[in-house]
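Let me begin by presenting the structure, written as structure tokens, before commenting on it.
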Amino acid sequence: MSAFETYMRTSYEPEMEFADGRPMERCVGEAIHSFTQGLVAAELGYREGRGYRTFLAPRVYVSDEPRIRVPDVCAMPVPHQAASILRSPHLVVEVLCPGDIAADMFTKIADYHAAAIPHIWLVDPYARRLFDCAGGRIARPEREALSTPLVGEVDFTGMFAEIEKLSTPASESPRP
């Protein structure tokens, strides 16, 4: 059985990616990363009539090599094929971790571009920064908001405020 066949038959906790002929760990499990992932997914949410569904850490097919990436959050236009590996999401969101390596993140962004995923957002909850990786470029928005034609505008101001509360040590937090 090939490494990819083994990957496809295995359930990982947390989910792993598959690239360069082997399963690859992702940066997960850190409280601020997890909290941010939840906030983004909740903000995107699923509401009837929006034209998309939101997924947390799904397997996404990015090439025939094979390469499977697992974005923190993604939005799929409806209708879409129900499958164990999603194809052609409209938006992928990667939440950065302190341990992320720039070269690995650039490789992941290149994979998403190669798969013709039109919208890629990077959220850095530690520096409270956003990056929009569309059209082969990486840009910081002028304000704390990103948008796509399908999902509309997502304002991160409130999310960053919530992350700040989580990041404040208990000794500095006001007591009731």
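Just a few scattered comments:
- Hey, Ala41 in contact with a Lys or Arg (Cβ under 6 Å, 6 or more places away or on another chain) and either at pLDDT 90 or above or of a type in the set (S, T, N, Q) (or both) or not: no
- Residue check for Ala3: of a type in the set (Gly, Ala, Ser), surrounded by fewer than 17 Cβ atoms within 10 Å (Cβ to Cβ), in contact with a Pro (Cβ under 9 Å, 6 or more places away or on another chain) and at positive phi: no
- Only residues that are aliphatic (A, V, I, L, M) and exposed (fewer than 14 other Cβ atoms within 10 Å of the Cβ) were counted across segment 118-137, and they come to 1.
- Members of segment 20-36 that are within 20 Å of Asp124 (Cβ to Cβ) and outside any loop (DSSP other than H, G, I, E, B): Ala31, Ile32, His33, Ser34, Phe35, Thr36
- Count of residues meeting criterion [farther than 22 Å from Phe131 by Cα, without any contact (Cβ under 8 Å) to a residue 40 or more places away in the chain and in a strand (DSSP E or B)] in segment 54-104: 1
The values are calculated or read from the model by the stated rules, or taken from the named source; none is laboratory data. All values reported here derive from a predicted model rather than from experimental measurement. Backbone-built Cβ (ideal geometry, glycine too); neighbour counts: all protein chains shown.
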